[in-house]
Amino acid sequence: MQKLYGVIGDPIGHSMSPIMHNNEFKQLNINAHYHPFHIVEQNLEIAIAGMKAIGVEGFNVTIPHKTTIIPYLDYIDPLAKAIGAVNTVVRVDGEYHGYNTDGEGYMKALQAEWKDNLENEKVLILGAGGAAKAIYFTLLAKGVLNVDIANRSIDKAENLIKHCPYVIENSKALTLSDAEQNLQEYSLIIQTTSIGMYPNINDCIISLEKLNKNAMVSDIVYNPFETLLLKTAKQKGCNIQNGIGMFVYQGALAFEMWTNKFPDINRMTDIVIRQLG
Ligand code: ATR
């Protein structure tokens, strides 16, 4: 019998996940279908119950449900619980188990596109919202310990550090102007906000004047492929990475949890790029 997967969110019409997952199901001869479900906030609880009743095998969770879904699931993985957000649900013996593959997806993409061992990097995260939290907690959980956070409102960066359950001794909160002044210290810079995203393509979160040319500059935005931040870093001779890898790997990790098969990353990436192009 064909297995059913999907993604829940509001809005959901522009999600690239269905085409990415359905193509892999087809290529790997897996009898399954992935459907975008438009679920508004007030229907979340009943939607989860309905999905469970009709036997949906697994699904992704996107805005605005990543946090509010937690009470409706039967088990939450410790990292997802720490982050306070779930993006992947897996059906296990009739129960729904929640995971967060965003941070690990980010890390795996960075390792694939840059280098495997990140433990000795001096990292600066720009922004302190939900995406920053997933990435920060995952880096620390996986042993990348020298991570500072710069944010427009420094108290949000301080809070992220304070509420992180992993080793935070080597983390500090900075203002964006402190980060600009000390930029040469960092070997990996991770931009986690929507600044620079289409249509605001001339926006850039900080000046890169003091950037070390051996640094990697990574931006979770993928529309445009190169934000002004990445273009500027590239001109300085830095390595750069956009957000496509994170999107593809968070999906690939979910796909693996559902099917026990790791999908073809290049094929998934091609389909996403074609979709965006
Ligand atoms: P997400 O969950 O997608 O990460 P979010 O929780 O709304 O989104 O967080 C947005 C991040 O972008 C925050 O770090 C925010 O800074 P503040 O905490 O100071 O609000 C940052 N951000 C948004 N607009 C910004 C701007 N114009 N300049 C600097 N930072 C900005």
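Annotations for the structure displayed:
- Calculated P(r) tail over 21 Å for the stretch 201-271, as whole % of Cα pairs: 38 percent
- Seen from a random direction on average, the alpha-carbon convex hull of the stretch 103-242 projects onto 7.3 square nanometres.
- Its alpha carbons considered, the stretch 1-153 gives a radius of gyration followed by a Dmax of 16.8, 52 Å.
- Based on C-alpha pairs under 8 angstrom that are at least 6 apart in sequence, the chain has a relative contact order of 15 percent.
- Cβ charges +1 (Lys, Arg) and -1 (Asp, Glu), total dipole of the stretch 1-137, debye: 140 debye
- For the chain, a simple Cβ point-charge model (Lys and Arg +1, Asp and Glu -1, everything else neutral) yields a dipole of about 380 debye relative to the Cα centre.
- Between helix 130-141 and the chain: long-axis angle, C-alpha atoms, 0 to 90°, nearest 10: 80 degrees
- Using a simple spin-label model with pseudo-atoms 7 Å out from Cα toward Cβ, residue 67 and residue 256 lie 2.9 nm apart.
- Axis angle, to the nearest 10 degrees, between helix 44-54 and the longest C-alpha principal axis of the chain: 50 degrees.
- Spacing of the two label points (7 Å from each Cα toward its C-beta) at residue 46 and residue 194, in nm: 2.8 nm
- Violating pairs (Cα-Cα greater than 27 angstrom) within the set 122/261; 115/172; 156/210; 133/210: 122/261
- Normalised alpha carbon radius of gyration of the chain [divisor 2.2 N^0.38 Å]: 1.01
- When shorter helices are ignored and each DSSP H run of at least 4 residues is given -39500 (n - 2.57), the per-residue value for the chain at 222 nm works out to -11000 deg cm²/dmol.
- Rounded to 10°, Cα long-axis angle of helix 17-27 versus longest principal axis of the chain: 60 degrees
- Look at the dipole of the chain built from charges on Cβ: of 30, 276, 129, the Cα furthest out on the positive end belongs to 276.
- Net lengthening on full extension, residue 74/residue 114 (0.36 nm per residue, minus Cα-Cα): 10.7 nm
Throughout, read-outs are computed from the coordinates displayed, never taken from laboratory work. No experiment lies behind these values; they were computed from the predicted model shown. As a convention, Cβ positions derive from the backbone with ideal geometry for all residues, glycine included, and neighbour counts pool all protein chains shown.
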